[in-house]
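No lab work stands behind these numbers, since they all come straight from the coordinates. Values in this document were obtained by computation on a predicted structure and should not be read as measured data. Note: ideal-geometry Cβ built from the backbone for every residue, glycine included; neighbour counts use all protein chains shown.
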Amino acid sequence: MLYQTKEDLAKDLGSVIDIQKDGTVKVIDRNTLRNTKIDTIVYNAVFNKENTMRDISRWLIRNVANELSVFTSSIQLLYEAIGRKQYKGFTVPAINIRGLTYDVARSIFRAAKRNHAGVFIFEIARSEIGYTDQRPAEYASVVLAAAIKEGYEGPVFIQGDHFQINAKKYEKDRDAELKTVKGLIKEAIEAGFYNIDIDTSTLVDLSKPDLTGQQRLNFEFAAEFTTYIRTLEPKGITISVGGEIGEVGKKNSTIEELRAFMDGYNKTLAAKGKGLKGISKISVQTGTSHGGVPLPDGTIAEVKLDFDTLKNLSTVARDEYGLSGAVQHGASTLPGDAFVKFPETGTAEVHLATEFQNMIYDTSIFPQEFKKEIYDFLKNHSDIKKDWKEGDTEEQFLYKARKNGFGPFKERFWNLPSDVRSKIGEELEEKFEFLFKKLNVIHSREIVHKTIKPVEVQLAVPPAFL
């Protein structure tokens, strides 16, 4: 059901949610909300073509979530505690959801509830926002709606991943690219993203003779973006900011590079304002690549991740700079027995994405005709097809390209038969439970309760609702 007017919405939800003209929201019937109505509200938040009804639906989800003790939160205080060595022995999973976002998020919350997990992050990268057609306000709304649906309560950590300077666009028009990244930061914070990973490692210049020179643009712009973020923080919230020293898929990071970045970053940030809070973690490269490396038959090459480097970088980040540790990207396609090593090496956070996409496409219950339609679209789309590298087989191309199917076919994915979505959700739930156990975040709700103070951010009532 798509709402045509606010009167339609009020009539449909009148016995479930009490919405006052001043914007006050009170849930009257939680069971009906969770059983049926939240599905309708979130569908409107994503697919309603009337911007006013879409925005009202998103605003309503945020307010209902707060009413039900579900708050978008910053993980900053927990990471500070880890930096002080008050907590150790677990690695925070940061999960990128590219498609079937409502169903995937629901499976995460179910796994979290069953295992008493509270330390996990939902995230989406700048590039993913584009090809999956999920702007920050939509993504946050869907995640919060999933929490409501599954009866999850407590802080929900939503993160902007790889809010990255595009090196080619920067070279062409520096000011325009910086403005674009700042615009995305502002949009994300307004949507409830209180964790943001800045990625200016794309500007590292290895041709420079010294490490400080190589990292200069990286740490200077990281400090500039951090300063900008601090001006946008809602009252009572310190946004967790991450930096990055090594681009994923490139050469492995070193302790010397970490120190060059951190020393330059801290000095630059201090010059921008007294007492500005710096980054809470640092992303490094230790041998992975985003999505893995597909072989000619479409399978994925084994990754040799350097856990010794990861351990050493995490130790220096904590001991010398008070950070929570190092962050590992591109890890979802690693062998299952590798994940237990992240807590053992003191890795603060691990980013996971492609494997969940693979599970959606490759499950035996996925409609083959629909998959063929998506693949034919990818093979015939001029902008996507141009990335088909010479020498790559069709299987290699499709493996790398199929992430681009989530945006154009978003509504088709959302409306897959319920038995298909349920089966995919069950398989993903089992995977998330596995990851929570290997990363040792089960029974972590108590840690969140001790370190994170939920803050209810007052949201302006959409003008069209008044």
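Pairs of lysines 8 or more apart, or on different chains, with alpha carbons under 16 Å: count those in segment 340-443, would you?
Lysine pairs meeting both conditions in segment 340-443 amount to 19.
Pop out the ³J(HN,Hα) list for segment 345-354 in order, Karplus 6.51 cos²θ - 1.76 cosθ + 1.60 with θ = phi - 60°, rounded to Hz; leave Gly and Pro as x.
8, x, 5, 6, 8, 10, 9, 10, 8, 4
Just checking my list (i) 216; (ii) 330; (iii) 149 against volume of the Cα convex hull per residue in Å³ computed from this structure; which label fits?
(iii)
What share of the DSSP beta bridges in the chain is antiparallel, in percent to the nearest 5?
Here the antiparallel bridges make up roughly 10 percent for the chain.
For the chain, what does -39500 (n - 2.57) per DSSP helix run (n ≥ 4), summed and divided by total residues, give at 222 nm, in deg cm²/dmol to the nearest 500?
It comes out at -15000 deg cm²/dmol, rounded to the nearest 500.
So what J values fall out for segment 33-40 if you push phi through Karplus, 6.51 cos²θ - 1.76 cosθ + 1.60 with θ = phi - 60°, rounded to Hz, Gly and Pro as x?
Values per residue, Gly and Pro as x: 4, 6, 6, 9, 5, 5, 4, 5 Hz.
Spelling out what I want: for every residue of segment 334-340, take phi, set θ = phi - 60°, compute 6.51 cos²θ - 1.76 cosθ + 1.60 (Karplus), and round to whole Hz; glycine and proline get x.
5, x, x, 6, 7, 5, 5
I'd like the Kirkwood hydrodynamic radius of segment 6-68, using the inverse of the mean 1/r over distinct C-alpha pairs, in Å.
11.6 Å
Taking the highest mean first, how do the peptides 208-220, 337-349, 264-276 order by number of other beta carbon atoms within 10 angstrom per residue?
By packing density, highest mean first, the sequence is 337-349, 208-220, 264-276.
With a Förster radius of 35 Å, plug the Cβ-Cβ distance of Thr227 and Phe47 into 1/(1 + (r/R0)^6) and report the FRET value to the nearest 0.05.
FRET efficiency, Thr227 to Phe47: 0.40.
Determine, for each peptide in 141-150, 454-463, the mean count of other beta carbons within 10 angstrom over its residues, then list the peptides with the highest first.
Order by mean packing, descending: 141-150, 454-463.
Straight-line reach only, C-alpha to C-alpha below 20 angstrom: list the lysines that Lys6 could link to, leaving out same-chain residues fewer than 8 apart.
Lys21, Lys26, Lys37, Lys49
Placing unit charges on C-beta atoms (Lys and Arg positive, Asp and Glu negative, everything else neutral), compute the dipole magnitude of the chain about its Cα centre in debye, rounded to 20.
Value, rounded to 20: 960 debye.
Segment 100-170 to segment 416-466: how many Å between their Cα centroids?
8 Å
Return the tail of the calculated pair distribution for segment 94-187, meaning the percent of Cα-Cα pairs more than 17 Å apart.
53 percent
Can you list the trypsin sites (Lys or Arg not before Pro) in segment 1-31 that are in a DSSP coil and have 13 or fewer other beta carbons within 10 angstrom?
The qualifying sites are Lys21.
Residues with amide H under 5 Å of Thr72's amide H, sequence separation 5 or more or different chain, H placed in the peptide plane at 1.01 Å from N; which?
Excluding prolines and chain starts, which carry no amide H, the hits are Val156.
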